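Engineer: Got a structure for you, questions after.
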Amino acid sequence: MNTIEKYFDSPAVFQQPLTSYNDFNEPVTEWEDFKQVMGRLRPLSGEKRIAASREAEFITHRFYCSYFADVIPAGCILLIGNVKYNIKFIQNVMSADRLLQIDLELIV
């Protein structure tokens with residue numbers, strides 16, 4: 001256990017979308033668990049904006065967890081309790097393979 005892991009108190013689940021079709025040939029999206037982690041959720045004060053070229057991303061929360069090498073597929077969400085968050089950006093802090101910082105947007 002690295003030093004910071006003792007502060008990880010929130011279980012979280014990465015979920016990936018699975019699309020199937022109903023009897024009317026309409027797409028139905030269900031969520032499948034991909035990976036479970038322990039971490040710490042931090043709400044951000046106000047609205048943080050990260051601008052990349054012309055796009056602006058709205059980040060409402062930041063989640064910290066231990067580093068893992070699994071690739072998180074595009075379109076995944078993070079489920080903490082019964083609350084869902086869109087994953088906006090995942091960063092390997094200082095490229096040290098010890099801590100991930102995940103920028104999130106609350107799904108309302």
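No value in this document is a laboratory result; all are computed from the given coordinates. Predicted model only: the values in this text are computed from it and were never measured. With ideal geometry, Cβ positions are generated from the backbone for all residues, glycine too; neighbour counts draw on all protein chains shown.
Engineer: What residue among L44, L78, L18 has the largest mean-square fluctuation in a Gaussian network model of the chain, using Cα springs under 10 Å?
Structural biologist: In the Gaussian network model the winner is L18.
Engineer: Once the convex hull of the C-alpha atoms of the chain is built, how many Å³ does it hold per residue, rounded to a whole number? Show your work: numbers first, answer last.
Structural biologist: Details: hull volume 15.0 nm³, N = 108.
Per residue, the Cα convex hull of the chain comes to 139 Å³.
Engineer: Under the 0.36 nm per residue contour assumption, what length would be gained going from the current alpha-carbon distance of Q36 and M94 to full extension? Before the final figure, lay out each step's value.
Structural biologist: Details: separation 58, 0.36 × 58 = 20.88 nm, distance 2.30 nm.
Full extension of this stretch gives 18.6 nm more.
Engineer: Something else now. What number comes out for the charge environment of L100, summing +1 per Lys or Arg and -1 per Asp or Glu over other residues with Cβ under 15 Å away? All intermediate terms of the calculation are to be shown ahead of the outcome.
Structural biologist: Values: positive: K35, R40, R42, R62, K88, R98; negative: E5, D70, D97, D103.
Neighbourhood net charge equals +2.
Engineer: Also, quick follow-up: For F8, F24, what ranking results if the residue with the fewest other Cβ atoms within 10 Å of its Cβ goes first?
Structural biologist: Ascending number of Cβ neighbours within 10 Å: F24, F8.
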